[in-house]
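Enquirer: Take this structure first; my questions come after.
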Amino acid sequence: FLEQKYGYYHCKDCNIRWESAYVWCVQGTNKVYYKQFCRTCQKSYNPYRVEDITCQNCKQTRCSCPVKVRHVDPKRPHRQDLCGRCKGKRLSCDSTFSFKYII
């Protein structure tokens with residue numbers, strides 16, 4: 001199974017940096033399964049750093065806080081054209097879910 005994590009990217013050619021909450025890793029590891037594409041040169045990259053998506057209140061990945069405040073913006077649109085998982089597919093990462101969050 002894959003689990004969703006947060007990643008930090010750097011394109012060495014364009015010197016552009018970006019972050020993404022749609023990093024898909026092999027469950028229980030930080031091994032990235034899908035690359036993301038630079039918006040300028042379209043080269044694919046793995047993140048240079050990966051971390052769990054945590055709640056900003058309690059700093060846990062799975063929490064029981066009444067209001068979950070995660071360090072991701074759910075209103076920000078997902079760039080399917082730059083995502084290795086959903087590029088060229090009808091279904092987007094933001095409309096699917098991670099098996100990690102099934103309790």
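What follows is calculated from the coordinates using simple rules that are stated; it is not laboratory data. Bear in mind the structure is a predicted one, so any value in this text is a computation, not a measurement. With ideal geometry, Cβ positions are generated from the backbone for all residues, glycine too; neighbour counts draw on all protein chains shown.
Enquirer: What list of ³J(HN,Hα) couplings, whole Hz, do you get for the stretch 79-85 from phi and the Karplus terms 6.51, -1.76, 1.60, once you set θ to phi - 60° and write x for glycine and proline?
Expert: Per-residue couplings from phi come out as 8, 4, 5, 10, 9, x, 7 Hz.
Enquirer: Quick one: compute the contact order of the stretch 2-82, relative version, from alpha carbon pairs under 8 angstrom and 6+ residues apart, as a percent.
Expert: With pairs under 8 Å counted, the relative contact order is 26 percent.
Enquirer: Per residue of the stretch 13-30, what does 6.51 cos²θ - 1.76 cosθ + 1.60 with θ = phi - 60° give for ³J(HN,Hα)? Whole Hz please, x for Gly and Pro, Karplus curve as stated.
Expert: 6, 9, 6, 9, 10, 8, 10, 8, 8, 10, 9, 10, 10, 5, 3, x, 9, 10
Enquirer: For the residue pair Gln27 and Cys65, what label-to-label distance in nm results when each label sits 7 Å from Cα along the Cα-to-beta-carbon direction?
Expert: 2.5
Enquirer: With viscosity set to 1.002 mPa s at 20 °C, what whole-number translational diffusion coefficient in µm²/s follows for the stretch 2-82 from Stokes-Einstein and a Kirkwood radius over Cα pairs?
Expert: In µm²/s, the coefficient is 157.
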